[in-house]
Amino acid sequence: MKKVILTIIILAIIITGFGIIFLQFEPTKKAAKEPTNATAQKSSKKAKNPVSEIAVPTLFVHGYSGTANSFKGMINRLADDGIVTESLVMTVAADGSVSTTGSYDKFSHNPTIQVIFEDNKSSMVNQAQWIQNVMKELKNNYHIEKVDAVGHSMGGVSLTSYIEKVGSDKAYPVLENLVLIGAPLNGLVVGDNGVTAYDLTDEGPKQSSDRYSEFMKNKQKIPTNVQVLNIAGDMLDGTKSDGSVSVASALSGKFIFEGQAKSYEEKIFTGKKAAHSKLHENTDVDAKVANFLWGTEKVD
(Lines give C-alpha, C1' and ligand atoms only; values in the text may rest on other atoms or scores of the structure.)
Protein backbone atom coordinates (compact mmCIF):
# COMPACT_ATOMS: atom_id res chain seq x y z
CA MET A 1 0.00 0.00 0.00
CA LYS A 2 2.82 2.33 0.91
CA LYS A 3 4.44 1.53 -2.45
CA VAL A 4 1.24 2.53 -4.27
CA ILE A 5 1.04 5.81 -2.41
CA LEU A 6 4.72 6.51 -3.09
CA THR A 7 4.23 5.75 -6.77
CA ILE A 8 1.26 8.13 -6.95
CA ILE A 9 3.29 10.92 -5.26
CA ILE A 10 6.19 10.43 -7.67
CA LEU A 11 3.83 10.58 -10.68
CA ALA A 12 2.21 13.73 -9.29
CA ILE A 13 5.61 15.37 -8.90
CA ILE A 14 6.57 14.42 -12.48
CA ILE A 15 3.29 15.75 -13.91
CA THR A 16 3.60 18.99 -11.93
CA GLY A 17 7.19 19.42 -13.14
CA PHE A 18 6.14 19.03 -16.80
CA GLY A 19 3.35 21.53 -16.24
CA ILE A 20 5.75 24.14 -14.89
CA ILE A 21 8.16 23.57 -17.78
CA PHE A 22 5.30 23.92 -20.30
CA LEU A 23 4.05 27.18 -18.78
CA GLN A 24 7.55 28.66 -18.90
CA PHE A 25 8.17 27.51 -22.45
CA GLU A 26 4.94 28.92 -23.97
CA PRO A 27 5.56 32.60 -23.12
CA THR A 28 9.07 32.16 -24.42
CA LYS A 29 7.66 31.10 -27.77
CA LYS A 30 5.28 34.08 -27.80
CA ALA A 31 8.07 36.45 -26.84
CA ALA A 32 10.11 35.09 -29.71
CA LYS A 33 7.26 35.84 -32.14
CA GLU A 34 6.67 39.42 -30.97
CA PRO A 35 9.85 40.93 -32.46
CA THR A 36 8.96 39.33 -35.80
CA ASN A 37 5.53 41.00 -35.77
CA ALA A 38 7.05 44.33 -34.73
CA THR A 39 9.59 44.08 -37.50
CA ALA A 40 6.82 43.35 -39.99
CA GLN A 41 4.87 46.38 -38.79
CA LYS A 42 7.94 48.61 -39.13
CA SER A 43 8.58 47.29 -42.60
CA SER A 44 4.97 47.94 -43.56
CA LYS A 45 5.11 51.51 -42.26
CA LYS A 46 8.39 52.12 -44.01
CA ALA A 47 6.92 50.94 -47.29
CA LYS A 48 4.02 53.38 -46.93
CA ASN A 49 6.27 56.41 -46.42
CA PRO A 50 6.37 58.42 -49.67
CA VAL A 51 9.75 58.65 -51.38
CA SER A 52 10.81 62.24 -52.14
CA GLU A 53 10.51 63.00 -55.84
CA ILE A 54 13.03 65.00 -57.81
CA ALA A 55 11.45 68.38 -58.53
CA VAL A 56 10.83 69.89 -61.96
CA PRO A 57 11.92 73.54 -61.77
CA THR A 58 10.14 76.34 -63.60
CA LEU A 59 12.01 79.04 -65.50
CA PHE A 60 10.55 82.56 -65.62
CA VAL A 61 11.76 84.67 -68.55
CA HIS A 62 10.95 88.39 -68.69
CA GLY A 63 10.02 90.41 -71.75
CA TYR A 64 11.59 93.24 -73.73
CA SER A 65 13.13 95.80 -71.36
CA GLY A 66 12.23 93.54 -68.44
CA THR A 67 14.09 93.21 -65.16
CA ALA A 68 14.13 91.05 -62.05
CA ASN A 69 10.97 92.90 -61.01
CA SER A 70 9.01 91.62 -64.01
CA PHE A 71 8.24 88.22 -62.48
CA LYS A 72 9.19 89.06 -58.90
CA GLY A 73 5.59 89.74 -57.90
CA MET A 74 4.18 86.54 -59.37
CA ILE A 75 6.94 84.39 -57.90
CA ASN A 76 6.55 86.02 -54.48
CA ARG A 77 2.77 85.51 -54.48
CA LEU A 78 3.12 81.87 -55.47
CA ALA A 79 5.79 81.37 -52.81
CA ASP A 80 3.65 83.06 -50.15
CA ASP A 81 0.84 80.63 -51.01
CA GLY A 82 3.22 77.71 -50.56
CA ILE A 83 2.96 76.73 -54.21
CA VAL A 84 6.61 77.27 -55.20
CA THR A 85 10.05 77.55 -53.65
CA GLU A 86 12.19 80.49 -54.74
CA SER A 87 15.52 78.99 -55.77
CA LEU A 88 17.86 80.43 -58.39
CA VAL A 89 18.31 83.71 -60.24
CA MET A 90 20.39 83.25 -63.38
CA THR A 91 21.69 86.40 -65.04
CA VAL A 92 22.97 86.29 -68.60
CA ALA A 93 25.50 88.90 -69.67
CA ALA A 94 25.63 90.36 -73.17
CA ASP A 95 28.46 87.97 -74.02
CA GLY A 96 26.25 85.00 -73.11
CA SER A 97 28.00 84.11 -69.86
CA VAL A 98 25.73 82.99 -67.03
CA SER A 99 26.07 83.93 -63.35
CA THR A 100 23.87 82.38 -60.69
CA THR A 101 22.72 83.35 -57.22
CA GLY A 102 20.59 81.44 -54.74
CA SER A 103 20.55 77.74 -53.93
CA TYR A 104 18.91 74.76 -55.55
CA ASP A 105 17.49 71.70 -53.81
CA LYS A 106 16.31 69.04 -56.25
CA PHE A 107 13.79 67.82 -53.67
CA SER A 108 12.29 71.25 -52.97
CA HIS A 109 8.64 72.03 -53.70
CA ASN A 110 8.25 73.41 -57.25
CA PRO A 111 11.52 75.39 -57.37
CA THR A 112 11.63 78.57 -59.46
CA ILE A 113 14.50 79.80 -61.61
CA GLN A 114 14.32 83.41 -62.71
CA VAL A 115 16.24 84.24 -65.90
CA ILE A 116 17.47 87.83 -66.28
CA PHE A 117 19.03 89.31 -69.42
CA GLU A 118 21.49 92.13 -68.71
CA ASP A 119 20.93 93.34 -72.27
CA ASN A 120 17.17 93.38 -71.91
CA LYS A 121 16.49 94.97 -75.27
CA SER A 122 18.33 92.48 -77.42
CA SER A 123 16.97 90.42 -80.30
CA MET A 124 14.99 87.19 -80.23
CA VAL A 125 17.97 85.39 -81.77
CA ASN A 126 20.28 86.50 -78.97
CA GLN A 127 17.79 85.75 -76.24
CA ALA A 128 17.12 82.27 -77.63
CA GLN A 129 20.86 81.61 -77.52
CA TRP A 130 21.06 82.93 -73.96
CA ILE A 131 18.22 80.65 -72.89
CA GLN A 132 20.16 77.81 -74.50
CA ASN A 133 23.19 78.75 -72.37
CA VAL A 134 21.03 78.72 -69.24
CA MET A 135 19.59 75.32 -70.10
CA LYS A 136 23.04 73.87 -70.70
CA GLU A 137 24.14 75.22 -67.32
CA LEU A 138 21.15 73.59 -65.64
CA LYS A 139 21.83 70.27 -67.35
CA ASN A 140 25.59 70.13 -66.82
CA ASN A 141 26.06 71.79 -63.43
CA TYR A 142 22.76 71.08 -61.67
CA HIS A 143 21.96 67.76 -63.41
CA ILE A 144 18.43 68.95 -64.13
CA GLU A 145 16.70 66.66 -66.62
CA LYS A 146 13.27 68.30 -66.92
CA VAL A 147 11.99 71.87 -66.75
CA ASP A 148 8.87 73.98 -67.22
CA ALA A 149 9.01 77.56 -68.47
CA VAL A 150 6.95 80.74 -68.31
CA GLY A 151 7.67 83.63 -70.67
CA HIS A 152 6.12 87.09 -70.76
CA SER A 153 6.01 89.03 -74.02
CA MET A 154 9.42 88.78 -75.73
CA GLY A 155 10.35 86.11 -73.21
CA GLY A 156 7.62 83.90 -74.63
CA VAL A 157 8.77 84.61 -78.17
CA SER A 158 12.38 83.76 -77.30
CA LEU A 159 11.34 80.55 -75.52
CA THR A 160 9.42 79.51 -78.64
CA SER A 161 12.49 80.22 -80.75
CA TYR A 162 14.65 78.25 -78.31
CA ILE A 163 12.53 75.09 -78.40
CA GLU A 164 12.44 75.17 -82.20
CA LYS A 165 16.20 75.56 -82.20
CA VAL A 166 17.14 72.70 -79.86
CA GLY A 167 14.13 70.44 -80.41
CA SER A 168 14.61 67.20 -78.49
CA ASP A 169 18.39 67.51 -78.18
CA LYS A 170 19.39 65.45 -75.13
CA ALA A 171 22.14 67.94 -74.29
CA TYR A 172 19.42 70.11 -72.75
CA PRO A 173 16.68 69.48 -70.18
CA VAL A 174 13.36 68.24 -71.53
CA LEU A 175 10.82 71.07 -71.60
CA GLU A 176 7.57 69.57 -70.33
CA ASN A 177 5.26 72.58 -69.96
CA LEU A 178 5.39 76.02 -71.57
CA VAL A 179 3.35 79.08 -70.60
CA LEU A 180 3.27 82.11 -72.90
CA ILE A 181 1.87 85.38 -71.52
CA GLY A 182 1.13 88.17 -73.99
CA ALA A 183 3.70 86.89 -76.48
CA PRO A 184 3.70 88.75 -79.84
CA LEU A 185 4.18 85.67 -81.98
CA ASN A 186 2.99 87.46 -85.12
CA GLY A 187 4.26 90.98 -84.60
CA LEU A 188 3.21 94.08 -82.69
CA VAL A 189 0.59 95.68 -84.92
CA VAL A 190 -2.42 96.89 -82.93
CA GLY A 191 -5.41 98.46 -84.66
CA ASP A 192 -7.30 101.33 -83.04
CA ASN A 193 -10.56 99.74 -84.10
CA GLY A 194 -9.43 96.21 -83.32
CA VAL A 195 -8.84 95.31 -86.96
CA THR A 196 -5.42 94.56 -88.46
CA ALA A 197 -4.02 92.81 -91.50
CA TYR A 198 -2.82 90.10 -89.12
CA ASP A 199 -6.22 89.08 -87.77
CA LEU A 200 -6.90 85.37 -87.49
CA THR A 201 -9.00 83.16 -89.73
CA ASP A 202 -9.80 79.47 -89.29
CA GLU A 203 -6.69 78.65 -91.32
CA GLY A 204 -4.34 81.09 -89.60
CA PRO A 205 -3.47 84.79 -89.68
CA LYS A 206 -4.46 86.76 -92.77
CA GLN A 207 -0.92 88.04 -92.99
CA SER A 208 2.28 86.63 -91.54
CA SER A 209 5.21 88.51 -90.06
CA ASP A 210 8.74 87.27 -90.70
CA ARG A 211 8.82 85.99 -87.12
CA TYR A 212 5.62 84.00 -87.48
CA SER A 213 6.71 82.60 -90.86
CA GLU A 214 9.95 81.36 -89.28
CA PHE A 215 8.03 79.72 -86.45
CA MET A 216 5.74 77.95 -88.89
CA LYS A 217 8.69 76.85 -91.01
CA ASN A 218 10.33 75.14 -88.02
CA LYS A 219 7.27 73.95 -86.09
CA GLN A 220 8.08 70.30 -86.74
CA LYS A 221 11.09 70.73 -84.43
CA ILE A 222 8.82 71.46 -81.46
CA PRO A 223 9.05 68.44 -79.11
CA THR A 224 5.86 66.39 -79.20
CA ASN A 225 5.91 65.97 -75.42
CA VAL A 226 5.50 69.67 -74.55
CA GLN A 227 2.19 71.00 -73.24
CA VAL A 228 1.41 74.66 -73.95
CA LEU A 229 -0.75 77.28 -72.25
CA ASN A 230 -1.05 80.51 -74.25
CA ILE A 231 -2.43 83.58 -72.42
CA ALA A 232 -3.57 86.79 -74.13
CA GLY A 233 -4.97 90.03 -72.77
CA ASP A 234 -7.86 92.17 -74.04
CA MET A 235 -8.37 95.49 -72.28
CA LEU A 236 -11.84 95.79 -73.86
CA ASP A 237 -10.97 99.26 -75.13
CA GLY A 238 -11.84 98.43 -78.74
CA THR A 239 -8.31 97.54 -79.84
CA LYS A 240 -8.65 93.79 -79.16
CA SER A 241 -5.27 93.89 -77.47
CA ASP A 242 -3.52 94.23 -74.14
CA GLY A 243 -2.34 97.67 -75.25
CA SER A 244 0.89 96.34 -76.76
CA VAL A 245 0.11 92.92 -78.24
CA SER A 246 -3.05 92.09 -80.15
CA VAL A 247 -5.08 89.06 -79.19
CA ALA A 248 -4.62 87.85 -82.76
CA SER A 249 -0.84 88.02 -82.54
CA ALA A 250 -0.71 86.19 -79.22
CA LEU A 251 -3.19 83.51 -80.22
CA SER A 252 -1.50 82.85 -83.55
CA GLY A 253 0.38 80.39 -81.36
CA LYS A 254 -2.48 77.99 -81.99
CA PHE A 255 -1.21 77.41 -85.52
CA ILE A 256 2.39 77.08 -84.34
CA PHE A 257 1.80 74.55 -81.57
CA GLU A 258 -1.48 72.78 -82.23
CA GLY A 259 -1.01 69.43 -83.95
CA GLN A 260 2.69 69.35 -83.01
CA ALA A 261 2.80 69.81 -79.24
CA LYS A 262 1.24 67.22 -76.93
CA SER A 263 -1.48 69.73 -76.02
CA TYR A 264 -2.35 73.35 -76.62
CA GLU A 265 -4.64 75.52 -74.50
CA GLU A 266 -5.38 79.24 -74.70
CA LYS A 267 -6.97 81.72 -72.35
CA ILE A 268 -7.96 85.39 -72.81
CA PHE A 269 -8.07 87.67 -69.77
CA THR A 270 -10.06 90.88 -70.05
CA GLY A 271 -10.31 94.31 -68.47
CA LYS A 272 -7.81 96.79 -67.07
CA LYS A 273 -5.85 94.06 -65.30
CA ALA A 274 -5.28 92.44 -68.67
CA ALA A 275 -3.00 95.26 -69.80
CA HIS A 276 0.33 94.00 -71.14
CA SER A 277 2.49 94.96 -68.17
CA LYS A 278 -0.21 93.94 -65.69
CA LEU A 279 -0.78 90.40 -66.90
CA HIS A 280 2.04 89.06 -64.73
CA GLU A 281 0.63 91.06 -61.79
CA ASN A 282 -2.89 89.67 -62.24
CA THR A 283 -3.80 87.13 -59.56
CA ASP A 284 -6.25 85.45 -61.95
CA VAL A 285 -3.31 84.83 -64.26
CA ASP A 286 -1.39 83.47 -61.25
CA ALA A 287 -4.22 81.04 -60.62
CA LYS A 288 -4.35 79.86 -64.22
CA VAL A 289 -0.60 79.35 -64.40
CA ALA A 290 -0.55 77.51 -61.05
CA ASN A 291 -3.37 75.23 -62.12
CA PHE A 292 -1.74 74.45 -65.45
CA LEU A 293 1.75 73.76 -64.07
CA TRP A 294 1.06 72.25 -60.65
CA GLY A 295 -2.65 71.40 -60.52
CA THR A 296 -3.33 74.05 -57.89
CA GLU A 297 -6.98 75.09 -57.94
CA LYS A 298 -6.69 78.60 -56.59
CA VAL A 299 -4.18 81.23 -55.63
CA ASP A 300 -5.48 83.81 -53.15
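Computed about its Cα centre, the charge dipole of segment 185-259 is approximately 360 debye, with only Lys, Arg, Asp and Glu carrying charge at their Cβ. Computed from label points 7 Å out along Cα-Cβ, the spacing between residue 65 and residue 94 is 1.8 nm. A straight chain from residue 294 to residue 107 at 0.36 nm per residue would run longer than the Cα-Cα distance by 65.8 nm. As a fraction of the 1.4 Å probe accessible area of segment 124-211, surface on carbon and sulfur atoms comes out at 46 percent. Return the subset of 139/165; 221/272; 121/165 for which the Cα-Cα distance in this structure is over 27 Å, preserving the input order. Check vs 27 Å cut-off fails for 221/272.
Look at the Cα gyration tensor of segment 190-300: its axes a ≥ b ≥ c give a/c of at least 1.5 with a/b at or below b/c, and that counts as oblate. Computed from backbone phi, the HN-Hα couplings of segment 250-258 come to 5, 7, 5, x, 3, 7, 7, 9, 5 Hz, rounded to whole numbers (Karplus: 6.51 cos²θ - 1.76 cosθ + 1.60, θ = phi - 60°; Gly and Pro given as x).
The values are calculated or read from the model by the stated rules, or taken from the named source; none is laboratory data. The model shown is predicted, which means the values in this text are computed figures rather than measured ones. Glycine gets a Cβ as well: all are built from the backbone with ideal geometry, and neighbour counts include every protein chain shown. Ligands, DNA and RNA are stripped out before the accessible areas are found, and what is left, the full protein with its side chains, is counted by its heavy atoms. Shrake-Rupley method; radii C 1.70, N 1.55, O 1.52, S 1.80 Å.
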